[in-house]
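Report on the following structure.
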Amino acid sequence: MPARLAPPPASVEPAVSNTRLAIVIVITAETMLFTGLIGMYLVFRLSAPTWPPLDLPRLPAGVAALNTLVLFASLVPLTRALRTVRRGRNPGRGVHLAAALGAVFLGVQGAEWVRLLHHGLTPASSNYGGAFYVLIGCHALHVLVAVLWLSTVAVLTGRGYFSARRYAGLEMSTIYWYFVCGLWGFLFPLVYLY
C-alpha cells in the first residue's frame, strides 16, 4: 500500500497583518526622523540669545492656528468614512473632504512661506530660518505624501473598491493621516508658540 500523505497544515492568520506591520514600521522610522529634527531645532532654540532674531519676521501664529483647525477638522470625515466602510456601507465623500482639507492646509502654509521669504526669513538667513524651514518643510512634505495617498484612496472609494472585508488601504492611510496630524499638534506649539 502506498504511504498516505499528511494533509498540509492549515494556514494560520498572523497576529498583526502585513499592512499594519508596514505602517507601524513607517511611522516608527518617521518618528525617529522627526525626533532628530526636533532635537536640532531645540539645540538652536535653546542656544540662541534671542529667538527669533530681532531683525527677522515673526511666524504667523494666528494663521497657523486657524490652519491647524483645518488640518484637525480633516480627521472627522476620514474617521467617519473608515467606520462606515467597516460596517459595509458606502463611505460617501469623507475621504475626498479629508484630502481637500489637507490640500487647503498645504496651500495656506505655502502662501505663508512665500510671505515669510518675501520679508526676509529664508533658510540661509539664520539658524532660526534654517531650522524652521527644515522642520516645518519636512512635515509639509509628509502632509503632501499623505494628501496624495488620500487622493488615491478617494478615487478607489468612489469606484467602490473598499468593503467591509477589504479596507486595508483606507485604514492605513487613515492611520498615517492621524500620525501626520498628531505630529503637527506637537510641532505647531513648539515652533510657532514657544
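Of note:
- The stretch 56-79, residues that are within 22 Å of Thr122 (Cβ to Cβ) and touching a residue at least 12 places away in the same chain (Cβ under 8 Å): Leu56, Pro57, Leu59, Pro60, Ala61, Val63, Ala64, Asn67
- The stretch 50-90 - residue that is of a type in the set (Gly, Ala, Ser) and surrounded by fewer than 15 Cβ atoms within 10 Å (Cβ to Cβ) and, of those, farthest from Val104 (Cα to Cα): Gly88
- Top-ranked residue in the stretch 148-194 [being of a type in the set (Val, Ile, Thr) and surrounded by fewer than 19 Cβ atoms within 10 Å (Cβ to Cβ); ranked as farthest from Val43 (Cα to Cα)]: Val155
So that you can scan it fast, the table gives a plain yes or no per residue for (1) assigned to a loop (DSSP other than H, G, I, E, B); (2) farther than 30 Å from Pro53 by Cβ:
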residue	(1), (2)
Leu121	yes, no
Gly129	no, no
Leu144	no, no
Leu150	no, yes
Arg166	yes, yes
Gly169	no, yes
Tyr176	no, yes
Phe186	no, no
Leu190	no, no
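- Subset of the stretch 73-113 (residues that are touching a Phe, Trp or Tyr at 6+ places or on another chain (Cβ under 8 Å) and either among the acidic types (Asp, Glu) or assigned to a helix (DSSP H, G or I) (or both)): Leu75, Leu78, Leu82, Val85, Arg86, Ala98, Gly102, Trp113
- Only one of Thr68, Thr84 that is among the polar types (S, T, N, Q) and over 21 Å from the mean Cα position of the chain (by Cα): Thr84
- The one condition in (1) among the small types (Gly, Ala, Ser); (2) over 14 Å from the mean Cα position of the chain (by Cα); (3) surrounded by 18 or more Cβ atoms within 10 Å (Cβ to Cβ); (4) more than 18 Å from Gly39 (Cβ to Cβ) that Ala131 fails to fulfil: (4)
- Looking across the stretch 119-144, the residues that are among the aliphatic types (A, V, I, L, M) and farther than 18 Å from Val108 by Cβ come down to Ala124, Ala131, Val134.
- In the set (1) over 30 Å from Leu121 (Cα atoms); (2) touching a helix residue (DSSP H, G or I) at 6+ places or on another chain (Cβ under 9 Å), the condition left unmet by Arg45 is number (1).
- Scoring Val114 on the criteria (1) surrounded by fewer than 17 Cβ atoms within 10 Å (Cβ to Cβ); (2) among the hydrophobic types (A, V, I, L, M, F, W, C); (3) closer than 28 Å to Val16 by Cβ; (4) without any contact (Cβ under 8 Å) to a residue 40 or more places away in the chain leaves a single failure, condition (3).
- Gly62 meets each of the listed conditions (1) touching a helix residue (DSSP H, G or I) at 6+ places or on another chain (Cβ under 6 Å); (2) at pLDDT 95 or above; (3) of a type outside the set (A, V, I, L, M); (4) under 24 Å from Cys181 (Cα atoms) apart from (1).
- Among the candidates Ala73, Ala29, residue that is aliphatic (A, V, I, L, M) and farther than 30 Å from Ser163 by Cβ: Ala29
- Within the stretch 117-135, residues that are closer than 11 Å to Leu59 by Cα have Cβ atoms under 8 Å from residues that are among the small types (Gly, Ala, Ser) and not in a helix (DSSP H, G or I) in these pairs: Tyr128/Ala48, counting only partners at least 6 apart in sequence or on another chain.
The values are calculated or read from the model by the stated rules, or taken from the named source; none is laboratory data. Owing to the predicted nature of the structure, the values given are computational and were not obtained by experimental measurement. Please note: Cβ atoms are built from the backbone with ideal geometry, for glycine as well, and neighbour counts cover all protein chains shown.
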